[in-house]
Amino acid sequence: MIIGVPKEIKTHENRVAIQPGGVLQMIRNGHEVLIQKSAGVGSGFSDEDYINAGASIIEDVEEVWKRADMIMKVKEPIAEEYPRMREGQVIFTYFHFAADEALTKAVVDSKCIAIAYETVEKADRSLPLLIPMSEVAGRMAAQEGAVYLEKPKGGRGVLMGGIPGVAPAKVLVLGGGIVGVNAAKIAAGMGADTTIMDINMPRLRYLDDVMPKNINTVFSSEANIRAMLPTVDMIIGAVLKPGAKAPHLITKEMLSEMRPGTVLVDVAIDQGGCFETSRPTTHKDPVYVIDDVVHYCVANMPGAVPYTSTLGLTNVTLPYAVALANKGWEQALKDDAELLKGLNIVEGTIVYKDVAEAFGLEWKPVDTVLN
C-alpha cells in the first residue's frame, strides 16, 4: 500500500501523523511511504530523518494525495483539502465530524473511507487514540488558563497558587475523564483550589480517593454549577460524548453570574464546545471576550507542543495504521472491533449514528455496508 502523509496546514499545527520510526516499520512491512516536504519539521523531524527511514520526500502536496491509497493526518481536512479526497481512498485522522457539517458533507461527497482516531474504542469504552492528546490538552488547559488569568491578558489578575495570606485561584473542571483529571492535576499542582464535577458517582468516588487533597469532587448538576459561578476564577470544559456534539453546560445567560476576568477554557471545542458562547480559535488568536469573560477555545491545543504530542499520538496510532496497510481497510476492520468503531463514513454512507444525528442526515449500521 502507498501511505501519504501531507503537511498539516491548520493554523499553528505542527504535529505530523507519522514519525521516522513508524516509516521504518511500514517499509519493513512492504509498504511505500510518501512524506510531503518539511511535514515533520515542526515536530523536530527533518526530511533527512524520513529519507533515512526509507520514505520518499514529495514536494507537491497534490502528488501525495493523488498517489496515496491511505492518507494519514493529525487534524481533519480543511476546505482547501476537500477536493483532494477521492473515492476509495482511506483517510485516517481526527475528524470530529459532529462539530463540522461542511466537513461531513464533503467527506460523504468524496466517497472516501473516513476512519476517525477519536472514535476507535476498546471493549472497556476507553478511546486509545484520543487518550494521549486528551492528556496533553488537559495539562495545557490549566497552564494556558493560568496565563490568561493575568491582568494584561484580560483575566482577573489572580495567581493560581496565591501567596501566604492570599487565597489561591479557584478552578472548576467540568468532567472527570482523561482531560479533566489531567487539567485538575496541573491546576492543583500550581496550588489552585480545584473542583472536579461529573455525573458518574463511581468515578467521583475513585477520584476522591486518588487525587491530591486540594482537589474536591462535586456531582455535576445545573444547580451545583450555578452555585460555584460567582466564586470561581477559571472553568475548564472537559466534557466528552464520543463522536457526538458536546452538551452546553455553561449557557450565555450564566456568564452574567461570573466575575469580570473569569477565564473559560473549552477543551471540548473540537466537538462543538461545552460552553454555549464557545467558538473555535487558533494559537495565533486564542482568546476573545464576551460579557467580560475570557474564552480560550483553541481547537488544536496539543499542536503548540508538537514534539511531545507527535510522539504521544504516533505511539498509539501506528499499530492500527500498519494493520490497515497490511490487510486492507475492510479486512482490518472485520478483524478488529476496536478499529471498526473508528469507521464514520464509508464511500458516501455515514455509519456512525451520532454524526448523522448531529445534522439530521441518514445513516446505516456499519454491518450493512461491509461485505
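Of all the criteria given as (1) farther than 25 Å from Ile78 by Cβ; (2) part of a helix (DSSP H, G or I); (3) open to solvent by 20 Å² or more (accessible area, probe 1.4 Å), the one not satisfied by Glu144 is (1). For beta carbons closer than 7 Å, sequence separation of 6+ or different chains, a first residue in region 148-166 that is part of a loop (DSSP other than H, G, I, E, B) and a second that is hydroxyl-bearing (Ser, Thr, Tyr) and buried (at least 20 other Cβ atoms within 10 Å of the Cβ), the qualifying pairs are Gly154/Tyr148; Gly155/Tyr148; Arg156/Thr262.
Scanning region 68-76 for any residue that is of a type in the set (Asp, Glu), at pLDDT 95 or above, within 17 Å of Ala323 (Cβ to Cβ) and open to solvent by 40 Å² or more (accessible area, probe 1.4 Å) turns up at least one such residue.
For (1) modelled with pLDDT of 95 or more; (2) acidic (Asp, Glu); (3) open to solvent by 30 Å² or more (accessible area, probe 1.4 Å), each residue gets a yes or a no:
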{"site": "Met85", "(1), (2), (3)": "yes, no, no"}
{"site": "Thr93", "(1), (2), (3)": "yes, no, no"}
{"site": "Asp109", "(1), (2), (3)": "yes, yes, yes"}
{"site": "Ala114", "(1), (2), (3)": "yes, no, no"}
{"site": "Leu159", "(1), (2), (3)": "yes, no, yes"}
{"site": "Ile186", "(1), (2), (3)": "yes, no, yes"}
{"site": "Thr195", "(1), (2), (3)": "yes, no, no"}
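Tallying residues that are open to solvent by 10 Å² or more (accessible area, probe 1.4 Å), closer than 26 Å to Ser126 by Cα and assigned to a loop (DSSP other than H, G, I, E, B) within region 247-274 yields 4.
The values are calculated or read from the model by the stated rules, or taken from the named source; none is laboratory data. Keep in mind that this is a model prediction, so the values were computed, not measured. Methodologically, a virtual Cβ is constructed for each residue, glycine included, from the backbone with ideal geometry; neighbour enumeration extends over all protein chains shown. Areas reflect the complete protein model, heavy atoms only, side chains present, ligands, DNA and RNA absent. Shrake-Rupley method; radii C 1.70, N 1.55, O 1.52, S 1.80 Å.
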